[in-house]
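All remarks here apply to the structure that follows.
The values are calculated or read from the model by the stated rules, or taken from the named source; none is laboratory data. Keep in mind the model is a prediction, meaning the values are calculated, not measured. For neighbour counting, all protein chains shown are included, and Cβ atoms are generated from backbone atoms with ideal geometry for every residue, glycine included. All accessible areas refer to the heavy atoms of the entire protein, side chains included, with ligands and DNA or RNA removed. Shrake-Rupley method; radii C 1.70, N 1.55, O 1.52, S 1.80 Å.
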Amino acid sequence: MACPLCDGTGWKPVEIDGVQRVARCDCWRAKVGETLMAGAHIPSRYQRCDLEHFHAYNDKLKQALAHASRLCDAFPVVDRGLFLLGPPGVGKTHLAVAVLRHVILKKGARGIFYDTRALLKLIRNTYDPNNRTEERDVLRPVIEAELLVLDDLGAERTTDWVDETLNLIVNTRYSERRVTIFTSNYDLIPDDTDPRSLLFRVGARMLSRLHEMCDFLHIDGADYREMPPNGTVDDLIALWKMGRPKEKPPLPSRSGGPVRAQLREHKERQDGRAELKWTGGKAGS
Ligand SMILES: [Zn+2]
């Protein structure tokens, strides 16, 4: 059935200062929003996350929500992204996706969500000769998105290839002044031998770049996953007051494995790499 406002043309008549003109119809905006949302890869469990349903029941959560709301309002005139740190289940991904959905639906921005490990796996899969997808087909939308959410940074077992690939993505987005929101379960512990520290997980070079491009926000709160079925914010507050059980630190996994030069070989084979402004060698250094 054609839209009653625009008769399916996507343009609706409007009167501006007594003059009949046309403007983009609401149905057109909704359709564009749907297309952009479909391309954003938001996992189904997060597809309804928004700022209105984010439970900010302590100061850290309130600060994070206020910061995220400011980013939404100012987008695209934003020069820093967000780095959301905190233990698992406190709502970091909820908040990141809420911002992503807001800028897609309200600002018509091209936004994309990736779990860091899933993204790396996708890139790795393109090296399989039977896979018709090229590395650049995966990388380009990630690098060019107006807003990228990279979830769970540091979870991937670190190798030189992982370092190089993530540095390529992060450095290119930085130099192109594109906004990125990261989440991570790791903390700002200034000890590169402590497996709980972000420094240990991503290395000093990446961490210093992240500080240049993001505001770091610590989030703390109850673990959503401990909530009873149909639980409410009161259950979260009760859990929060009980305190979080001490989590075991993750096992060390930073590996000093052999250099994987695959990305570099790709560069020499593909012209597309040049468009991604990768200077070669250690990514963007
Ligand atoms: Zn319409």
The lone condition Leu147 fails out of (1) modelled with pLDDT of 95 or more; (2) under 13 Å from Leu85 (Cα atoms); (3) of a type in the set (A, V, I, L, M, F, W, C); (4) crowded, with 18+ Cβ neighbours inside 10 Å is (2)
Result of the Cβ filter at 9 Å on segment 16-31, keeping first residues that are farther than 14 Å from Leu5 by Cα and partners that are open to solvent by less than 80 Å² (accessible area, probe 1.4 Å) and within 11 Å of the ligand (Cβ to nearest atom), at least 6 apart or interchain, is Ile16/Ala23; Lys31/Gly10
Inside segment 1-14, the number of residues satisfying the requirement of being part of a strand (DSSP E or B) and polar (S, T, N, Q) is 0
Log entry, pairs with first residue in segment 197-220 being on the phi > 0 side of the Ramachandran plot, second being of a type outside the set (A, V, I, L, M, F, W, C), beta carbons closer than 9 Å, six or more apart or on different chains, reads Gly203/Thr158; Gly203/Asp163; Gly203/Asn167; Gly203/Asp192; Gly203/Arg254
Condition set assigned to a strand (DSSP E or B) and touching a Lys or Arg at 6+ places or on another chain (Cβ under 6 Å), scope segment 157-186, selection surrounded by the most Cβ atoms within 10 Å (Cβ to Cβ): answer is Thr183
